[in-house]
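Student: Below: one structure in structure tokens.
The values are calculated or read from the model by the stated rules, or taken from the named source; none is laboratory data. Because the structure is predicted, anything quoted here is derived from the model rather than measured. Cβ placement follows ideal geometry from the backbone for every residue including glycine, while neighbour counts extend to all protein chains displayed. All accessible areas refer to the heavy atoms of the entire protein, side chains included, with ligands and DNA or RNA removed. Shrake-Rupley method; radii C 1.70, N 1.55, O 1.52, S 1.80 Å.
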Amino acid sequence: MGSTGTVLRELRGAQKSAKGVSLYSRYVNRPAGRVLAAGAYRAGMTPNQVTATSALFTYGALAAVALVEPSWTLAVAVYAALAAGFALDSADGQLARLTGRGGPDGEWLDHVVDCGKLLLVHTAVLISFYRFGELTSQAWLLLPLGFQLAAVVTFCAGLLREQLGKAAAGVAARGPGSRGPSWAVPAVPVSRARAVALLPADFGVFCLVFLLLGAPGAFRAGYAVLAVVHTLFLAAFLAKWFKELRALRDG
């Protein structure tokens, strides 16, 4: 087992593409995940154990949102746990690529944890609104439901886009003699402007709103703004992904 510095250097060479990744994930979450992956490697942890640890941090924080009355202490604790869980979510994949111990079971577990996170985060906010919100209108209770819909549809549609693109690339790689149409995935260069534009859709940036839990009115306002932004992103993503998949079929 090499030194931590050696492991970190190897991890830097085992990074996924930066395409479609926001500046936060590229320059904050992935580097933090790299350090955590190195620590997990030194501790002899498996990628699936890192995924489970990520779930403990994330789900524990969201349970606190639902069950504990909002305060500034809760705000800092929840944000810290969510940020740690998100960094560990990056670390599991990095550890899998470093050790070659990744597989369909690990990818499946990672997606299950991510899907549960998206459902639970907005459910926790809904419960907090209902229990502690002192809302001026019960219509506020609809906001987490709408945000949850936008988040889950974006996640599922993006995952399908990725998997269908991989399948298309596999068919194209087998050549003209293969069964089925010869689709190809268009190359998309890494764009800093796109990385900046994607910041509001990044879960790490979303976590920042929980720092406002100590001021319920400010939290609701920030959460509402993010809900609108994510809904706009959903519309843009759906149009983009549908166009790309249609191009794969017709190309």
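Student: For the peptides 77-85, 130-138, what is the packing order when you average, over each peptide's residues, the other Cβ atoms within 10 Å and list the highest mean first?
Tutor: Values: 77-85: 19.9, 130-138: 12.0.
Highest mean packing first, the order is 77-85, 130-138.
Student: Find the accessible area per residue for region 187-247; the probe is 1.4 Å, ligands and nucleic acids are left out, and the unit is Å².
Tutor: 51
Student: List the residues whose amide H sits under 5 Å from the amide H of Leu135, counting only those 5 or more places along or on another chain, with H placed 1.01 Å from N in the peptide plane.
Tutor: Those lying under 5 Å, H to H, from Leu135: there are none.
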